[in-house]
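K.L.:
After the structure tokens below, expect a handful of questions from me.
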Amino acid sequence: MIKFTNVFKAFPKGGLALKDVSFHIAKGEFVFLTGHSGAGKSTVLKLVFAEEPVTSGEVRVSGFNVAELRPKDVPMLRRRLGIVFQDFRLLEDRTAEENVAFALEVTGARRSTIGARVMRVLTQVGLAAKAQAYPRELSGGEQQRVAIARALVNEPTVLLADEPTGNLDERATRGVFQLLRDINASGTAVLMATHDLDLVRQAPYRVIELQEGALVYDSVVDEPRDQAASP
Amino acid sequence: MNLTIREALLTFRRAPLLSALSVTTIAFSLFVVGLFGLVAVNLQDALRGVAERVEIVAYLLPGTPIETITLAEKDIEAFPEVQSAVYVSEDSALARARGELVEFRDVLQELERNPLPASIELKLKPRFRDVQHVNEVADRLRGFGFVDDVRFGRDWVEKLDRLRQVAAAVGLVVGAAFAVVAIIIIGTTIRMAVLQRSREIAIMRLVGATDGFIRRPFLLQGAIKGMLGGLVAMGLSYGAYVLINRWLIQAAFFSRAQALAVVGFGALIGLFGSAASVGRHLRRV
């Protein structure tokens, strides 16, 4: 599903962001990506959705060889992925429904099918009643649910989430996390970058920890720790 | 395609102020080009009117047989430069003189013998009304044995030539300068519209939109803005034309084709301005 083999990533001015990172995430897995800010969590995700080029090593994502992907194939890769960010990244001048439909429209989905698919995912994230609301009329948790609905509407095989609960209060965090668990339960792999260790401890999922760009702990490979992923 | 049109039109609703600003900016840029165009069109009309009067007259030796003249007239009319060649006999020359020179009517009336020679009057086709061609035709006319003398206003044709060259040079330079300024202003305006939506573009890319898909609504929207700007510019130009006509001088307006050209120019700048801005933006993000 997602396979990193000896991956290095250097930024022109920032030095090495990833050093010899290797891991393999199987279909349907739920994986936490942890570590301090600047440890390389976001960089890993950016390599997965080809936002940044790989410096060396191999990155494979659901059949795509990302390191050698041609620019024109990048959109095809992203249509297989769902991506969620800390800052939601919704379009302010469109309703929840339109924001979700947007992701289908850009892929050239048939107009007649869009409405039903959008309502189905909005129902799945529990926001069917607020389909007509604009992002500014929604709470943070609700906005993140819209973003998740947008990520799901293309029926991705992997959901990437970069600090999805970073801007949310505790209650909204629990709600969004539960939603991600439900999504995973229905078969979608989830790769979630977070530094919220309470969240990590709550669930029995695999943990990959980065430190200064190097993979320092992977719970399926290494000995289980007493205190998972303590930084 | 459907979606492209919808997205392009939605921009006008979502960002009405910026859209109106773009159209207005484009309109005024093109209005300046249009005003200059009006001056050019009118100057050209005036010059054409003057050039109408470029005429060559070949005076014929007295006693030339009418058959020879008729044949020659046919020959001369067949010159590629010549638009028309008209034979004026001694008698009609006198009749015309009587009609035109009213002050001398009595003198002309009392003449015993007609002092006026017969002639062939030539008009050249518009594009040959310059010194070089007038000279060539005059030389050729002198070659006919029965032609006594060839006259044309040499100084005058030369001055007309100079005037035309100056007008063309000034028109080209100033027109190009105005067009470049318009292109820069319009390009900047469109770039603003693209930057305003950079967030949207980033999100579109995130959910897997192709560059072509992202680009198309911008191109359409740019072309529409350019076209609307062109139409408004034409409206403003027409207003200016009406005012000038009423208060200053009798002027001409653009032909339909010229007006369409200005509107089309606007649409093209809008289209290419958008293509450049979006292209640059997409490469950078």
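K.L.:
Rounded to whole Å and sorted largest first, list the principal axis extents of the Cα atoms in region A:90-155.
P.N.:
Sorted from largest, the Cα extents of region A:90-155 read 31, 23, 17 Å.
K.L.:
Which far-off residues, 5 or more places away or on another chain, put their amide H under 5 Å from the one on A:GLN211, with H placed in the peptide plane?
P.N.:
Under 5 Å from the amide H of A:GLN211 lie the amide H atoms of A:VAL216, each far enough along the sequence or on another chain.
K.L.:
I would also like to ask the following. Take every Cα pair under 8 Å in chain B that's 6+ residues apart, average their separations, divide by the length, and report that relative contact order as a whole percent.
P.N.:
31
K.L.:
Among bridges DSSP assigns within the protein assembly as shown, what percent are antiparallel (round to 5)?
P.N.:
65
K.L.:
Please give the residues of region A:1-25, grouped as numeric ranges, whose backbone N is less than 20 Å from a label point set 7 Å along the Cα-to-Cβ vector of A:ALA214.
P.N.:
A:4-11, A:14-24
K.L.:
Ok, one more. How large is the charge dipole for chain B, taken about the Cα centre, if only the Cβ atoms of Lys, Arg (+1) and Asp, Glu (-1) carry charge, to the nearest 20 debye?
P.N.:
It works out to roughly 3060 debye.
K.L.:
For region B:49-60, just list the computed ³J(HN,Hα) in residue order, Karplus coefficients 6.51, -1.76 and 1.60, θ = phi - 60°, integers in Hz, with x standing in for Gly and Pro.
P.N.:
Listing the rounded values in order: x, 5, 5, 3, 8, 5, 9, 10, 10, 9, 7, 9 Hz.
K.L.:
Quick one: accessible surface of B:HIS281, probe radius 1.4 Å, all protein chains present, in square angstrom to the nearest 10.
P.N.:
10
K.L.:
Right, something else. Rounded to the nearest 20 debye, what is the charge dipole size of chain A about its Cα centre when +1 sits on each Lys and Arg Cβ and -1 on each Asp and Glu Cβ?
P.N.:
Approximately 800 debye in magnitude.
K.L.:
What are the ³J(HN,Hα) couplings of region B:16-30, residue after residue, when phi is run through the Karplus curve with 6.51, -1.76, 1.60 and θ = phi - 60°? Round to Hz, x for glycine and proline.
P.N.:
Computed from phi, the couplings for region B:16-30 are x, 5, 5, 4, 4, 4, 4, 4, 4, 4, 4, 4, 6, 4, 6 Hz.
K.L.:
Further, regarding this structure: Among B:THR64, A:PHE102, B:ALA27, whose Cα sits farthest toward the positive end of the charge dipole of the protein assembly as shown (+1 at Cβ of Lys/Arg, -1 at Cβ of Asp/Glu, about the Cα centre)?
P.N.:
Of the options given, the answer is A:PHE102.
K.L.:
Using +1 at the C-beta of Lys and Arg and -1 at the C-beta of Asp and Glu, which of B:PHE144, A:MET119, B:PHE213 has the Cα lying farthest in the positive direction of the dipole of the protein assembly as shown?
P.N.:
Toward the positive end, the furthest listed residue is A:MET119.
K.L.:
Can you tell which of B:GLY143, B:GLY153, B:GLY37 shows the greatest fluctuation in a Gaussian network model of chain B with Cα springs below 10 Å?
P.N.:
With Cα springs under 10 Å in chain B, the top fluctuation among B:GLY143, B:GLY153, B:GLY37 is at B:GLY143.
K.L.:
Could you work out the local net charge near B:ALA40, counting Lys and Arg as +1, Asp and Glu as -1, over the other residues with Cβ closer than 14 Å to its Cβ?
P.N.:
+1
K.L.:
If I fit a long axis through the Cα atoms of helix B:2-14 and take the longest principal axis of the Cα atoms of chain B, what angle between them do I get, 0 to 90°, rounded to 10?
P.N.:
The two axes meet at around 80 degrees.
K.L.:
Let me ask another. Divide, for chain B, the radius of gyration over alpha carbons by 2.2 N^0.38 Å, where N is the residue count.
P.N.:
1.60
K.L.:
Still on this structure, I have one more. So who's got an amide H within less than 5 Å of the one on B:VAL82, skipping anything under 5 residues away but keeping other chains? H placed 1.01 Å off N, in plane.
P.N.:
B:LYS125
K.L.:
Separate question: Treating only the Cβ atoms of Lys and Arg (+1) and Asp and Glu (-1) as charged, compute the dipole magnitude of the protein assembly as shown about its Cα centre; round to the nearest 20 debye.
P.N.:
Roughly 1820 debye for the protein assembly as shown.
K.L.:
Give a quick list of trypsin sites (Lys or Arg not before Pro) in region A:63-139 that DSSP marks as loop, anything other than H, G, I, E or B, with at most 12 other Cβ atoms within 10 Å.
P.N.:
Loop-located and lightly packed - A:ARG110.
K.L.:
On a C-alpha basis, how far is the centre of region B:1-49 from the centre of region B:207-224 in Å? Whole number, if you could?
P.N.:
Here the two parts' Cα centres lie 21 Å apart.
K.L.:
Right, another one. GNM, chain A, Cα, under 10 Å: largest mean-square fluctuation among A:THR123, A:THR173, A:THR188?
P.N.:
A:THR123
K.L.:
Loop sites only, by DSSP: take the trypsin sites (Lys or Arg not before Pro) in chain B that have at most 15 other C-beta atoms within 10 Å and name the longest stretch containing none of them.
P.N.:
B:114-285
K.L.:
Show me the GluC sites (Glu not before Pro) within region B:26-68 that DSSP assigns to loop and that have at most 13 other Cβ atoms within 10 Å of their Cβ.
P.N.:
The qualifying sites: there are none.
K.L.:
Same structure, new question: Using the Karplus curve 6.51 cos²θ - 1.76 cosθ + 1.60 with θ = phi - 60°, what ³J(HN,Hα) values do you get for each residue of region A:41-52, in whole Hz, with x for Gly and Pro?
P.N.:
Working through the residues one at a time gives 4, 5, 4, 4, 5, 4, 5, 5, 9, 6, 7, 10 Hz.
K.L.:
Using a 10 Å Cβ count of at most 15 others and DSSP loop calls, identify the longest part of chain A lacking such GluC sites (Glu not before Pro).
P.N.:
A:93-211
K.L.:
Of the residues B:THR188, B:THR25, B:THR210, which exhibits the maximal mean-square fluctuation in a Gaussian network model of chain B defined by a 10 Å Cα contact cut-off?
P.N.:
Highest fluctuation of the listed residues: B:THR210.
K.L.:
Now for a different question. Rounded to the nearest 500, what is chain A's calculated 222 nm mean residue ellipticity when only DSSP H runs of at least 4 contribute -39500 (n - 2.57) each, over all residues?
P.N.:
Computed mean residue ellipticity for chain A: -9500 deg cm²/dmol.
K.L.:
Still on this structure: What fraction of the Cα pairs in the protein assembly as shown, stated in percent, has a spacing above 36 angstrom?
P.N.:
Result: 57 percent of Cα pairs exceed 36 Å.
K.L.:
Ok, one more. Quick check: the angle from helix B:154-196's long axis to the longest principal axis of chain B, C-alpha only, nearest 10 degrees?
P.N.:
Rounded to the nearest ten degrees, it is 10.
K.L.:
Now for a different question. Relative contact order for region A:90-155 using alpha-carbon pairs under 8 Å, separation at least 6, rounded to a whole percent?
P.N.:
Taking the mean separation of contacting Cα pairs over the length of region A:90-155, I get 49 percent.
K.L.:
Using Cα atoms only, what is the angle between the long axis of helix A:170-185 and the major principal axis of chain A, expressed in degrees (0 to 90) to the nearest 10?
P.N.:
Roughly 80 degrees between the two axes.
K.L.:
Semi-axes, largest first, in whole Å: what does sqrt of 5 times each Cα gyration tensor eigenvalue give for region B:55-151?
P.N.:
26, 16, 11
K.L.:
If you don't mind, there's one more thing I want to ask. Using amide H atoms built 1.01 Å from N in the peptide plane, name the residues 5+ places from B:ASP148, or on other chains, whose amide H lies under 5 Å from its own.
P.N.:
Result for B:ASP148 returns B:TYR59, B:LEU60, B:LEU61.
K.L.:
How much of the DSSP bridge set in chain A is antiparallel, in percent, rounded to the nearest 5?
P.N.:
The antiparallel proportion sits near 50 percent.
The values are calculated or read from the model by the stated rules, or taken from the named source; none is laboratory data. Since this is a predicted model, take the numbers as computed values, not measurements. Here the Cβ is made from the backbone with ideal geometry for all residues, glycine too, and neighbour counts use every protein chain on show. Just the protein is used for accessible areas: all its heavy atoms, side chains included, with ligands, DNA and RNA removed. Shrake-Rupley method; radii C 1.70, N 1.55, O 1.52, S 1.80 Å.
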